[in-house]
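Q: The structure is given below, and queries will be raised subsequently.
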Amino acid sequence: MPARQTQKGRQTRERLLQAAAEELLERDGAMDFASVARRAGVSAGAPYRHFASKSQLLVALVDVFYDEWEAVAYRPTFEEVSEDWWERERERIRRTVEFYYGHPLGALMQQRLLGDAEAVRHQRVRADRTVKGAVENVARGQALGRVPAHIDAEICGALLMGGVGQALHRALAGKRRMSRARVTRELQAFMQRALCIDELEDES
């Protein structure tokens, strides 16, 4: 019985998260517990058994979004793409753009329409984590000889993640989005220039 209840609880939580995402999309970033509960088909008190407040529900949505992005574009090494570090990073950028364009909450996450201080602070925490990873990745590129030694990995890691975030914010804003190909191409070029990366010579 406890295991069945636990499974049911997980399913209810997932339904609430899905309902909350749909509410945010339909109401331009606004939502309330009552409407989420109705959409999820649960009692008015059900959300409080999983989330102490609307803020915690939004924080959970932020985590779901970033966890999914990390699985697609942040944690993979892309060694199957190329032996060259820079080619792997180009693929990471492409996957990131594809993820944001394909995810229902991609635009909301970039435009910070969540309208909740706690959720925005948590977005900052998750963003800081990605910056730390970017710094380590730039240093890895230096160790492999693809990024010049004079590049400041700590500054450039923050610059790159901030630049990607602002570019996606601009690209996804408004009714007419920029094309994915354009955004991918320009972000790859920006990163290449920022890190002073030279193309490898064709030895064939």
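The values are calculated or read from the model by the stated rules, or taken from the named source; none is laboratory data. The model shown is predicted, which means the values in this text are computed figures rather than measured ones. Positions of Cβ are backbone-derived with ideal geometry, glycine not excepted, and every protein chain shown enters the neighbour counts.
Q: In the range 8-51, which residue that is assigned to a loop (DSSP other than H, G, I, E, B) and more than 24 Å from ALA127 (Cα to Cα) is modelled with the lowest pLDDT?
A: ARG27
Q: Please state which one of ALA19, ALA34 is within 29 Å of ALA173 (Cα to Cα), free of Cβ contacts under 8 Å to residues at least 12 places away in the same chain and of a type in the set (A, V, I, L, M, F, W, C).
A: Only one candidate qualifies: ALA34.
Q: Picking from GLU80, GLU98, which residue would you name as being part of a loop (DSSP other than H, G, I, E, B) and either assigned by the TED database to the domain that holds PHE190 or within 18 Å of the chain's Cα centre (by Cα) (or both)?
A: Residue meeting the stated conditions: GLU80.
Q: Taking the range 154-184 only, how many residues are charged (D, E, K, R) and within 20 Å of GLU91 (Cβ to Cβ)?
A: Residues meeting the conditions: 2.
Q: Considering GLU80, GLU22, which residue is surrounded by fewer than 18 Cβ atoms within 10 Å (Cβ to Cβ), closer than 30 Å to ALA143 by Cα and charged (D, E, K, R)?
A: Going through GLU80, GLU22 in turn, the sole match is GLU80.
Q: Would you say GLU118 is charged (D, E, K, R), outside the structural domain of MET31 (by the TED database), in a helix (DSSP H, G or I) and closer than 23 Å to ALA19 by Cα?
A: Yes: the conditions hold for GLU118.
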